[in-house]
Each structure stands twice: as structure tokens, then as C-alpha cells.
Amino acid sequence: MATTTTRWHELADRILDGGAIDATEALAVLDSSDAELMEVVAAASRLRFEHFGNKVKVNYLVNLKSGLCPEDCFYCSQRLNSTAGILRYTWLNTEEAVTAAKAGIAAGASRVCLVASGTGPSNREVGKVSDIIEAIKSDTPGVEVCACLGALKDGQAEKLCASGADAYNHNLNTAESHYEEICTTHTYADREHTVSQAHGAGLSACSGFIAGMGETREQLVELAFDLRAKGVDSIPVNFLLPFDGTPLEGVDTLNPRDCLRILAMVRFVAPDTEIRMAAGRERHLGYLQGMGLFVANSLFLGDYLTSEGQPGGEDLQMIADAGLEVLRMEDADGAGAGPGAGEIAHAAAPVTAPAAPVAQEKKVAIRTRGAGTSEPANA
């Protein structure tokens, strides 16, 4: 019988040989002890490095329209009747959106994610986003663009693809068995349908979840296997930000070690899929964020949709400190060697000492800079 020290590496060996993890083993990853945690991370990191080398894909969010959403997703600061003190504004124009995107690109992002709140876009709004995509691609031909606009109508995914969009994000957010506990205005099946539409139109499917919303460990495993079955190309792993003024205000159940286990479980389930450390990593992983990059191979730079992240320069320094390299646009196809870690110090924000971990009781920092404001972006 394998010792706790070797069983995780035996699991990694089996997956590297073409095998797969089962649900019982995935649950065991989440149930592993703190004494085993470094072995769990080390075993999962073997899969990460096998498929992605030492590269980290940097993504940058541009919030095209903030707040004003009629949906009631319990976790969301932009939801119907939210009293969270977030920025609220209608659509950025093309020039404003391109300016915001360029801030992230200048800091090293190879993918820009264009996001708009709401149930889903009208055809006119899809046209507006298509114009923005074309402008970004014209300015920076090598950059990837991912759109995230909510539920799509027939033909809209094709329109976005034709304009140059590379990917479409629509998170499943939580397991199907838990979905009614976090939203009542649409269903899990509705979300599945949009993921399918995007994939069917030729867009890369980006779909992930938010951990820490009252789901069980079994439901996290259920969701990870569902994402794998859907063949999504990238999985953003978010950790709940319990905004004041939302139904999940004050919910804070995660610790840094559990967050690492969640990342590792998803890596074991989907070994060759891009896994992104997304919103909430600063709050919930704290000093262990850098360790998370040995399992995840992607992150968002700087700020999120309505909350502030750590300074973009600190994100880049964290990557360098881990001995990892930013994936450059010219290396996205896997060809050529990327720059050394010492060559990524061109961040738009200055590199400073790492921020102290955020105390659990600290309120979420509301974004007040970047898109929709006159303040510089955090990139």
C-alpha cells in the first residue's frame, strides 16, 4: 500500500501515462491532510509542467459595463438589488476600451478579457463588442481576446468569432446540484447551453467556478468532472469575495491550504487544461499565491471586475520569484523560448514588497480605477 508520501506521485504517474483520476481519488485530494499538502502540490505540479512548462499566461480584464444587471446571482456585486458600493457605468466606447486593454497588454498580458454585466447582449451590443475586438486586434495583432457577455442568442457567437474573438467565457460557477442555492433567475442548463454555443461556433470555451459558496467537497468534484466532460479549454478558479450588500456577505469558509487543494484537484482532473488563478486569490491564498502557480498556469493581472487585485507589478514579481516566465504572445503556439524571468520587469505598475495577507474580516476593496473612471488602470 502506498504511503501518503508516494500515493500522490503514483497518481500523477498514472495520469502522465494516459490514465485518469476518478471521483473518489479527486475527493481524497480535497480531504488530504496538511502534512500531505506539499506532496499533493508537488505531484500536481508535475502535470502542470509537463503540459505548460514554466510559462504563466497573463490575462487582463476590461469591464465594459459595470453593475446594472437584472440577474440575482447571490455572489455577485453587480446583481439585481445589490447595495455593494461598486462602480456602475454603462458601455465604454471603443477608444476607452482599447485604452484599458492596452494597459494590460503593455504589462505583459497575452489575452484581454472583455466583460459586460447583464443577462446577455442584444445584437446591437454584440456589434459594439465586435468593433472593440477589431480595434484591439488592429492595434495589437498577436493578442488573444476573450468575450464574456452573458447568455448568447443564436448567431451571436458566430458574429464574435468573425470579428476576431478567440474565446468566450461563461462560468458554470457551481455544481448543478448546488445551482439553485446561488441563483434563481436562470439555471445551470442555461449556462451549459451558452458554453456549448461558444464552442460550437469555433471559440475556445473558457468556463470555471467560484469556490466557497457553501458547496460541499463532493460538489466541487462533481463540477470539475463536468467541466472536463464539456471539453473546456480553460478553467478560471475563483474564490468567493463576500461583498457587502450581497446575499453571501460575510461568508468566509476558505483557507489558503484548501485553496491549494482545490487547484490541485482540478489539475489532476484536467491535466492539460489551462487553469487560471482568478478573483479572490489575494484574499484566500495570501502568501501561498506563488505556490499556486506551480499548479495553475494562468492568472489575471491587477484588478478584477469590481474589486481590486494586488498591483500588477507585484503579480509579475511573484511570477519571477517562482522562477517562472510570462507567456509572450509570440510564444502562445508553443514555438520558441520565452524570455528569462529577469526580463519581465517592464510592469506598468512598480514592483514593490509583497503585500501582507488580507485578514479574513477585512472588507473587499472596491475597484475605483481603470475602465469607467479617469484613474489609471492597475496593470
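Summary table
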item	result
Matching residues, the range 216-233, being assigned to a loop (DSSP other than H, G, I, E, B) and closer than 24 Å to residue 48 by Cβ	230, 231, 232, 233
Checklist (1) over 19 Å from residue 117 (Cβ atoms); (2) open to solvent by 20 Å² or more (accessible area, probe 1.4 Å); (3) of a type outside the set (Phe, Trp, Tyr) applied to residue 190, failing item	(1)
Selection count, the range 86-113, where residues are in a loop (DSSP other than H, G, I, E, B) and open to solvent by 60 Å² or more (accessible area, probe 1.4 Å)	3
Failed criterion for residue 75 (all others in (1) farther than 19 Å from residue 184 by Cβ; (2) open to solvent by 20 Å² or more (accessible area, probe 1.4 Å) hold)	(1)
Residue within the range 327-337 that is part of a loop (DSSP other than H, G, I, E, B) and either aromatic (Phe, Trp, Tyr) or at pLDDT 95 or above (or both) present	yes
For residue 87: the one exception among (1) at pLDDT 95 or above; (2) more than 21 Å from residue 187 (Cα to Cα)	(1)
Positions within the range 13-38 being surrounded by 13 or more Cβ atoms within 10 Å (Cβ to Cβ), within 19 Å of residue 260 (Cβ to Cβ) and in contact (Cβ under 8 Å) with a residue 60 or more places away in the chain, in sequence order	15, 21, 25, 26, 27, 29, 30, 32, 37
Helices (runs of 4 or more DSSP H) contained entirely in the range 234-305, each with at least 1 residues that are open to solvent by 10 Å² or more (accessible area, probe 1.4 Å) and over 25 Å from residue 379 (Cβ atoms)	256-269
Count of the range 211-233 residues which are open to solvent by 40 Å² or more (accessible area, probe 1.4 Å) and either among the hydroxyl-bearing types (Ser, Thr, Tyr) or without any contact (Cβ under 8 Å) to a residue 40 or more places away in the chain (or both)	4
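The values are calculated or read from the model by the stated rules, or taken from the named source; none is laboratory data. As the structure is a computational prediction, the values presented were derived from the model and not from experiment. Neighbour counts run over all protein chains shown; Cβ positions are idealised from the backbone, glycine included. Areas reflect the complete protein model, heavy atoms only, side chains present, ligands, DNA and RNA absent. Shrake-Rupley method; radii C 1.70, N 1.55, O 1.52, S 1.80 Å.
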